[in-house]
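Asker: Handing you a structure now.
The values are calculated or read from the model by the stated rules, or taken from the named source; none is laboratory data. Values in this document were obtained by computation on a predicted structure and should not be read as measured data. FYI the Cβ positions are ideal-geometry reconstructions off the backbone, even for glycines, and counts take in every protein chain you see. Keep in mind that these areas ignore ligands, DNA and RNA; they rest on the heavy atoms of the full protein, side chains included. Shrake-Rupley method; radii C 1.70, N 1.55, O 1.52, S 1.80 Å.
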Amino acid sequence: MEVMIHSSTFLLPTNSSDTHPSLTYALILLNQRLPRFAPLLWNHAQLRVCADGGANRVYDDFPQLLPHEDASHVRNRYKPDLIKGDMDSIRTEVLDFYASLGTKVIDESQDQDTTDLHKCVAYIRDFTPNLEKSNLCILVAGALGGRFDHEAGNLNVLFQFSAMRIILLSDDCLIHLLPKTHRHEIYIQSSVEGPHCGLIPIGMPSGRTSTTGLQWDLDDAEMRFGGLVSSSNIAKGEKITVTSDSDLLWTISIKK
């Protein structure tokens, strides 16, 4: 079985790839409080996309995240490449401001069957020929916290685009999918994440899951809602391995 390697080097000021594959990052910003490290994610990304009201968050939150800089300079420097969604949340003055700076705007108000995050991921997949898709990783800021139905919709996107690397981020944790098609090696960046972590089966039970590197490892364990799920686990070392017959969600805490 092919190995998929995961590492949260995007949380580090310098993106090191000494032992891990070099990834191309795109950043999607949602209409939820942005994590304190959002400017760091922005600097790692080659493409920055606001999902509808996520543009409000960039306009409002980035000056607060960079309080020692002039707010107008911050807003002019952190200009999204694209704003896309059903346009029911973005404020008119924010839309006009970024449009005047040259940000591309795509109004998909006719599509009420997919979330704004879904619309943005599909755009990155289908209409960005300059991005190296084979090594693409999409970081989603503001994906967790707030309304649970929004969070559930964001988790659903991970399964709808299971062939893509997508990482949901908040101030407190990150979540991404571990597809059953691969064996997974997760390299822990202990200076910025952990040790609290979890492996969660969503959508269907896992008949057999095995791990190494956790405080409470699994050995061909069955996991399902209504039974065992590996929540509140602990990453013991710098490398975790996971093999499962079902897609799993991996989550790990982010240090303050």
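Asker: Determine if segment 109-127 includes at least one residue that is surrounded by fewer than 17 Cβ atoms within 10 Å (Cβ to Cβ), assigned to a loop (DSSP other than H, G, I, E, B) and at positive phi.
Answerer: no
Asker: Still on this structure, I have one more. Looking at segment 117-167 only, could you name the residues that are more than 15 Å from the chain's Cα centre (by Cα), more than 22 Å from Thr181 (Cα to Cα) and not charged (D, E, K, R)?
Answerer: Tyr123, Phe127, Thr128, Pro129, Asn130, Leu131, Gly146, Phe148
Asker: Taking segment 189-204 as the search range and keeping residues that are in a strand (DSSP E or B) and not charged (D, E, K, R), which one is most open to solvent (accessible area, probe 1.4 Å)?
Answerer: In the first step, residues of segment 189-204 are kept if they are in a strand (DSSP E or B); the result is 193-200.
Within this subset, residues satisfying the condition of being not charged (D, E, K, R) are 194-200.
Values: Gly194: 7, Pro195: 56, His196: 111, Cys197: 8, Gly198: 3, Leu199: 1, Ile200: 33 Å².
Here the answer is His196.
Asker: Output the qualifying pairs, or none if there are none: Cβ atoms under 7 angstrom, residues six or more apart or on different chains, first residue in segment 215-236 and within 13 Å of Gly198 (Cβ to Cβ) and free of Cβ contacts under 8 Å to residues at least 60 places away in the same chain, second residue aliphatic (A, V, I, L, M) and assigned to a loop (DSSP other than H, G, I, E, B).
Answerer: From segment 215-236, the pairs are Met223/Val229; Ser230/Leu218; Ala235/Ile188.
Asker: Okay, next question. Look at segment 134-173 and say how many of its residues are outside any helix (DSSP H, G or I), free of Cβ contacts under 8 Å to residues at least 40 places away in the same chain and surrounded by fewer than 16 Cβ atoms within 10 Å (Cβ to Cβ).
Answerer: Final tally of qualifying residues: 2.
Asker: Another question, then. Hey, can you tell me all the residues within segment 174-188 that are within 16 Å of the chain's Cα centre (by Cα) and surrounded by fewer than 19 Cβ atoms within 10 Å (Cβ to Cβ)? Spell out how you get there, then give the answer.
Answerer: To start, the set of residues in segment 174-188 that are within 16 Å of the chain's Cα centre (by Cα) comprises 174-179, 186.
Within segment 174-188, just Pro179 meets the criteria.
Asker: Within segment 59-98, count every residue that is of a type in the set (A, V, I, L, M), in contact with a strand residue (DSSP E or B) (Cβ under 6 Å, 6 or more places away or on another chain) and either open to solvent by 70 Å² or more (accessible area, probe 1.4 Å) or at pLDDT 95 or above (or both). Break it down into steps so the answer makes sense when it comes.
Answerer: Here is the first cut: in segment 59-98, the ones of a type in the set (A, V, I, L, M) are 65-66, 71, 74, 82-83, 87, 90, 94-95.
Adding the requirement that they be in contact with a strand residue (DSSP E or B) (Cβ under 6 Å, 6 or more places away or on another chain) leaves 82-83, 87.
With either open to solvent by 70 Å² or more (accessible area, probe 1.4 Å) or at pLDDT 95 or above (or both) added as a condition, the list becomes 82-83.
Residues in segment 59-98 being of a type in the set (A, V, I, L, M), in contact with a strand residue (DSSP E or B) (Cβ under 6 Å, 6 or more places away or on another chain) and either open to solvent by 70 Å² or more (accessible area, probe 1.4 Å) or at pLDDT 95 or above (or both): 2 in total.
Asker: Which one of these does Gly227 not meet: (1) in contact with a Leu (Cβ under 6 Å, 6 or more places away or on another chain); (2) open to solvent by 30 Å² or more (accessible area, probe 1.4 Å)?
Answerer: Answer for Gly227: the failing condition is (1).
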